[in-house]
Every structure is written in structure tokens, then in C-alpha cells.
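Peer 1: Structure below; questions to follow.
The values are calculated or read from the model by the stated rules, or taken from the named source; none is laboratory data. Owing to the predicted nature of the structure, the values given are computational and were not obtained by experimental measurement. Neighbour counts are summed over all protein chains in view; Cβ atoms, including those assigned to glycine, are modelled from backbone coordinates with ideal geometry. For accessibility, only protein heavy atoms count, side chains too; no ligands or nucleic acids. Shrake-Rupley method; radii C 1.70, N 1.55, O 1.52, S 1.80 Å.
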Amino acid sequence: MAIDTKKFGGIFTALLTPFDSNNKINAKELEKLVKFNLDMGVKGFYVCGSTGEAFLLSTDERKYVMEIVKDCAPEATLIAHIGSVNEADATELGKHAKRLSYDLVSSVAPYYYNFSFNEIKNYYYRLADASELQMLVYHIPAFSGVKMGIKEMSEFLSDDRFAGIKYTSNDFFTMEQCKTAFPDKIIYNGYDEMCLAGLSMGADGAIGSTYNFMADKFVKIYNLMQNGEIEAAKAIQKEANKLITVLIKNGVMQSEKEVLNQLGFDFGICRKPFGELTEEQKDMIKKEIIPYTSKIN
Ligand code: MN9
């Protein structure tokens, strides 16, 4: 069955998780961010992914975040990242996603223990079965340490339980091979600084962290690419990449929260072991990022 691009095509924000001064999830600020992003034109959200500090949250906190987002964006397309090396937790999160009527579940490959591909495959199959939602494989070899080529990807993409891949790698050849072999599966580009490259090689959309505060730029890129206007799209990607360079220099997630704070949100800081930004770093964000972002209405 062909992809429902109306539902799954486009830009998805990998939501950041706000913490209050007691290190608790700040529901009010999360709701505000979801609305800000909907106003910028995103199709939906990737909930509790790497950007949402999934691995620094308890299972109950992850469930709570899923609930908040569903409550304030019932019409958006929602993807719940349920991945955990603790499979019982991942299973529980998958069932919760189903209860809340999420559209897809997604998981990073089980990490740390150097699991064999067979073990990884069975983890994904069990999670997809248990959640009763289609699974989006989260491919992020730089973080998970798990490398997969077209052969391994095919084990998922040829199976009805799998919707596609969130593809966070700069190996666009493998991405294109997956899309060509399985045109009816969804591929999301994962590195925002290469969004245009991913879309030009066949990605159906993009999921990313920098969209939290500049989804509007990427919605434009997506729309321009839909109309074949690659030169105009390139100009916006270049603009965005100037800002992403600053984020990478200072720590991506810590900086993204600081950007939101300077825009008038109260997102707090990332959980430890993440460190805090220095005053100089905050100043760099103020000068080199804030003037080029959209303001909250
Ligand atoms: O998957 C994000 N990846 C990580 C998406 O956070 C590891 C990206 O949105 C990056 O944060 C972004 C900056 O490198 O492209």
C-alpha cells in the first residue's frame, strides 16, 4: 500500500522535554512548545526520542510525556519512541502508545551489549507484535553503535509490521537503496543539517531536534522540494546550517533548550550527566541564533 503522504509526509519535530526547577516534567511548557510547532506547520511529533532525553527519563515519565502530547495535539501524526535496552520497559511503552492511539511506535536498536543482528531483529519483532502498532526502525549508528545495511534493513522493510525507518546517518546511498527496494515504506531523514540531501535522495519527510525552534524553515524546504525548487530550498538549508553549526559547537540539546529559554519558554536544562552552558555560550546563542528564529505568538 502506498504511503499516506498526507499523514506521514512532511516535517516532524523530535520534541525536547522541559524540566522545572525541581527536575520534574513541565507539562505547561511542553504544551506551549507543541502549539508553537503546530503553528510553524509541522505534520506531527516524534515523542521521547534522543532529543526528548528518553534514556534519562523513567518509564512513568515517558508515559506522561506521551499523554501530554496526545492531549494537546490530538489531530497531529504522533510517533512514540519506546526504545530501551530494558525490553520490558519498551514493551510497556509500546502498549501505552497503542492505548493512546499513537500512529506509530519507533525504537532505537538495543544497545550497549553488542547484540547480534538476530537478537536485534527479534527485539523489534516482539515489540511490534506487543504494541500492535507499526514500527519505525530508528537507525542512528553514531549513537547506538549498530550498523545496518540494505540486507539488514530488508528484514524489516519486507515485513508488514514495519512502517519504515527514521534514518539518522549520512550514508544516503543505503537510504536510497532502501527506498528504491521498498517504495511503499516511509523514510524520514534524521540529520537536520542534511535534510535537503535526504529529501533529494527520496526521504518522505524529516524528523529532527532543531525543528523545535525552526520548523518553519524546514517546512519551507519540504514544500519547495515537493515542487522541485531545489535552489530555493538550498538557500534555506544554508541559513539553517549556520545556526546548527553553533548548536553542534556548544552541545546540541543543551543549546536547543537555551534557544527556547531565550525565546520566552521555560525549558530548564538537560538532565545530568549533561552539563550546563557557560555564560559565553549563552551569549553566542543570543547573538548568532536568536535573531534568525521565529518568535512565539
Ligand atoms: O535524530 C537528531 N539526532 C540527534 C535526530 O539528536 C542525535 C538530529 O535532529 C540532530 O540533533 C541534528 C543536529 O546534529 O541534526
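Peer 1: If you check Lys272, Lys242, Lys287, which single one turns out to be modelled with pLDDT of 95 or more, closer than 26 Å to Ile25 by Cβ, loosely packed, with under 14 Cβ neighbours inside 10 Å and out of contact with any strand residue (DSSP E or B) (no Cβ under 7 Å at 6 or more places or on another chain)?
Peer 2: Step by step, each of Lys272, Lys242, Lys287 is checked, and only Lys272 is modelled with pLDDT of 95 or more, closer than 26 Å to Ile25 by Cβ, loosely packed, with under 14 Cβ neighbours inside 10 Å and out of contact with any strand residue (DSSP E or B) (no Cβ under 7 Å at 6 or more places or on another chain).
Peer 1: Oh, and also: If you check Met1, Met40, which single one turns out to be among the aliphatic types (A, V, I, L, M), within 22 Å of Glu258 (Cβ to Cβ) and touching a residue at least 40 places away in the same chain (Cβ under 8 Å)?
Peer 2: Testing whether each residue is among the aliphatic types (A, V, I, L, M), within 22 Å of Glu258 (Cβ to Cβ) and touching a residue at least 40 places away in the same chain (Cβ under 8 Å) leaves just Met40.
Peer 1: Name every residue in the range 19-33 that is within 16 Å of the chain's Cα centre (by Cα) and either surrounded by fewer than 16 Cβ atoms within 10 Å (Cβ to Cβ) or closer than 26 Å to Thr91 by Cα (or both), in order of residue number.
Peer 2: Listed by number, the list holds a single entry, Leu30.
Peer 1: Just one of (1) part of a strand (DSSP E or B); (2) within 14 Å of the ligand (Cβ to nearest atom) trips up Ala163, so point out which.
Peer 2: For Ala163, the failing item is (2).
Peer 1: State whether the residues of the range 130-138 include one that is open to solvent by 30 Å² or more (accessible area, probe 1.4 Å), away from the ligand (no atom under 16 Å from the Cβ), free of Cβ contacts under 8 Å to residues at least 12 places away in the same chain and out of contact with any Leu (no Cβ under 6 Å at 6 or more places or on another chain).
Peer 2: No, that holds for no residue.
Peer 1: Among the residues of the range 175-229 satisfying the criterion of being part of a helix (DSSP H, G or I), of a type in the set (A, V, I, L, M, F, W, C) and open to solvent by 30 Å² or more (accessible area, probe 1.4 Å), which is farthest from the ligand (Cβ to nearest atom)?
Peer 2: In this case the residue turns out to be Ala181.
Peer 1: Hey, another quick one. Hey, Ala142 hits all of (1) more than 16 Å from the ligand (Cβ to nearest atom); (2) part of a helix (DSSP H, G or I) but one; which does it fall short on?
Peer 2: Status for Ala142: all satisfied but (1).
Peer 1: Please list, ordered by first then second residue, the pairs with beta carbon atoms under 7 Å, 6 or more apart or interchain, first in the range 226-244 and within 20 Å of Asp204 (Cβ to Cβ), second among the polar types (S, T, N, Q) and surrounded by fewer than 19 Cβ atoms within 10 Å (Cβ to Cβ).
Peer 2: Ile230/Ser200
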